[in-house]
1. When you scan region 101-220 for strands (runs of 3 or more DSSP E) that lie fully inside it, which ones turn up with 2 or more residues that are in contact with a strand residue (DSSP E or B) (Cβ under 7 Å, 6 or more places away or on another chain) and more than 12 Å from ligand 1 (Cβ to nearest atom)?
2. Confirm whether residue 127 is crowded, with 17+ Cβ neighbours inside 10 Å and closer than 28 Å to residue 303 by Cα.
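Read-outs: derived from the displayed coordinates by stated rules, not from any lab. Remember, it's a predicted structure, so these values are computed and weren't measured experimentally. Note that each Cβ is placed from the backbone with ideal geometry, even for glycine, and that neighbours are counted across all protein chains shown.
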Amino acid sequence: MAGQRGLGAPPVETRVLPGTSPASIAVAAAALRAGELVAFPTETVYGLGADAVDARAVARVFAAKERPRFDPLIVHVADVDEVARYAIEEDAADPRVATLAARFWPGPLTLVLRKRDTVPGIVTAGLPTVALRIPAHPVALALIRAAEVPIAAPSANRFGRVSPTRAEHVVRQLAGRVRIVLDGGPCRVGVESTVLLLADGDAVLLRPGGLPVESIEEAIGPVRRHANVDAGAAALSPGRQASHYAPGAPLAIVDPWPGLGLAAAAGERVGLLAADAAGRAAAEAAGGPFAAVEVLSARGDPTEAAASLFDALHRLDAAGLDRIVAQPVAEDGLGRAIMDRLRRAARP
Ligand code: TXA
Ligand code: MG
């Protein structure tokens, strides 16, 4: 398959293989061990994986995504014992790690701990910490185990674009830049993992995600967050400062809903991203007409809404729109992650 060149790297032929087949896992594991890139499903989003202890392979991830080198990657492991191989003893032995791992791993939680020398500097963008997670997806776990290496993987999208929740999203953005795409169907959670920094007895939310921060607090007590997560977290989590999740057309969050900006001008193609059926009806009564409509969850279920968010953005992206209007959701539980991603998609 012809692909665009990623920063001078020659295009590779991209093969899409069924994630459930043991033969595919074996082929993908061999590719990883040979320093090649493999995209794979997790319960959150698809990841673009490389052998985390092979600095040259990890460099290919940055090139394929056109991701700046200051933005560190998450290291995916299959077993909680692996934490002690990549994080310093003191942090790996932090009782909160055992508590969180027992409750939420495998799952959509990433822990940032002080790193050992076993992790190449390119993985952590030179930071003294490493982000670790055990994904809750049988294909991801089978791949890590078969490869017998930890897998460094960002979301498998081009930098700044909408994250992939289906194999075809990966192919659209990265064909020619990744050797193998393991197809595991649509991602169950649909937003990326919650990123939590544990340091000096403190716990800091660096990115709201698929595990509600309220659940973390039930397990380990208060988690520090910022009114604007970006302001505080940007310095600690470099990837948080850039605009992200951007669909092709400009997106605006309309608050209160329904409000200004919902009416389409003559000939203008406006896309509607409604949170629920009532929000759609209110928008259609107050504005429109809409050239494309997506409803995150007709009955307003946050889990369903999170799972459909990126899929909806990908479809709106493909609809050739002039602009997109989005309905805000309540900012608690998974709603925190949904609003975070919408705000980033809205950023110019
Ligand atoms: O659900 C997920 O987390 C997905 C799947 C593939 O696991 N991965 C993902 O990776 O979303 P990525 O690279 O798109 O986002 C990783 C986030 C970035 O905001 C990055 O800055 C932060 O984690 N991060 C990684 N290592 C870090 C570190 N050492 N300190 C602080 N933040 C870190
Ligand atoms: Mg990402």
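1. Working: elements: 109-114, 129-133, 151-153, 180-183, 194-199, 202-207.
In region 101-220, the matching strands (runs of 3 or more DSSP E) lie at 180-183, 202-207.
2. Criteria not met by residue 127.
Yes/no per residue for (1) crowded, with 24+ Cβ neighbours inside 10 Å; (2) charged (D, E, K, R); (3) within 16 Å of ligand 2 (Cβ to nearest atom):
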site: 49; (1), (2), (3): yes, no, yes
site: 54; (1), (2), (3): no, yes, no
site: 62; (1), (2), (3): no, no, yes
site: 75; (1), (2), (3): yes, no, yes
site: 78; (1), (2), (3): no, no, no
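One line per residue, one yes/no per condition, for (1) touching a Phe, Trp or Tyr at 6+ places or on another chain (Cβ under 6 Å); (2) not basic (Lys, Arg); (3) not in a helix (DSSP H, G or I):
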| residue | (1), (2), (3) |
| --- | --- |
| 284 | no, yes, no |
| 319 | no, yes, yes |
| 340 | no, yes, no |
| 344 | yes, no, no |
